[in-house]
1. Does residue 100 meet the test of being more than 12 Å from residue 4 (Cα to Cα) and modelled with pLDDT of 95 or more?
2. Scan region 9-65 for residues that are under 23 Å from residue 109 (Cα atoms) and acidic (Asp, Glu) and jot them down.
3. Pull up region 1-36, narrow it to residues that are open to solvent by 20 Å² or more (accessible area, probe 1.4 Å) and charged (D, E, K, R), then point me to the one that is farthest from the chain's Cα centre (by Cα).
4. Return the residues of region 57-99 that are surrounded by fewer than 13 Cβ atoms within 10 Å (Cβ to Cβ) and part of a loop (DSSP other than H, G, I, E, B); say none if nothing qualifies.
5. Please count how many residues of region 62-89 are in contact with a Ser or Thr (Cβ under 9 Å, 6 or more places away or on another chain) and farther than 22 Å from residue 28 by Cα.
6. Please specify each residue of region 100-115 satisfying the condition of being open to solvent by 100 Å² or more (accessible area, probe 1.4 Å) and aliphatic (A, V, I, L, M).
7. The conditions are (1) in contact with a Lys or Arg (Cβ under 9 Å, 6 or more places away or on another chain); (2) modelled with pLDDT of 95 or more, and residue 31 fails exactly one of them. Which is it?
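The values are calculated or read from the model by the stated rules, or taken from the named source; none is laboratory data. Quick caveat, the model's predicted, so the values are computed rather than measured. In this analysis, Cβ positions are derived from the backbone assuming ideal geometry, glycine residues included, and neighbour counts consider all displayed protein chains. Note: accessible area is taken over every heavy atom of the protein model, side chains too, but ligands, DNA and RNA are not part of it. Shrake-Rupley method; radii C 1.70, N 1.55, O 1.52, S 1.80 Å.
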Amino acid sequence: MITVIYDDQCQLCQNSINWLSKRLSFTPLDYHVTELEKFGLTLAECEKQVYAISGDQKYGGVTAVIFLLKVRGNRVAAFFLQASGPIGAFCYKWIAKNRQSVVVRVLSKIIKKLT
C-alpha cells in the first residue's frame, strides 16, 4: 500500500492527487492533520515537499513524483523527469516554493483538465 503525504491546501497538490487516483490506489493524507511522527516526518519537511511511502521506502519531492508516475504507469514521464536530474529537482523545488504563482496556477489547471 502506498501513502502520499501532501498539502491539501495547495490547489496543484489537490489536482495532482485527483489525477493520480484515476489510475492508482493509494492513501492520500493531508500533512496539516496527519500524525507525521508515525511516518518519521516533521512539519518542516512536509511544508517543503510531498512524500510517498511504500513499505520501508520513503520518497520525497521530485523522487516521490518519479516513483508515483512509475507506479501509475506513466513510465515515459517518469523517465524524462528522472533523466532531467538537477533540472527536474530545481523545477520541483521552485514549484513547491511558488505555489501561488501564475505558472503554478496554470499548471494546476492543466492537471485538473486531465482528470
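1. In short, no.
2. Of everything in region 9-65, those that are under 23 Å from residue 109 (Cα atoms) and acidic (Asp, Glu) turn out to be 30, 47.
3. 35
4. 73, 85, 98
5. Total satisfying the criteria: 2.
6. 114
7. (1)
Yes or no, residue by residue, for (1) over 20 Å from residue 5 (Cα atoms); (2) modelled with pLDDT of 95 or more; (3) in contact with an Asp or Glu (Cβ under 7 Å, 6 or more places away or on another chain):
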{"site": "42", "(1), (2), (3)": "no, yes, no"}
{"site": "46", "(1), (2), (3)": "no, yes, no"}
{"site": "51", "(1), (2), (3)": "no, yes, no"}
{"site": "58", "(1), (2), (3)": "no, yes, no"}
{"site": "62", "(1), (2), (3)": "no, yes, no"}
{"site": "67", "(1), (2), (3)": "no, yes, no"}
{"site": "79", "(1), (2), (3)": "yes, yes, no"}
{"site": "94", "(1), (2), (3)": "no, yes, no"}
{"site": "113", "(1), (2), (3)": "yes, no, no"}
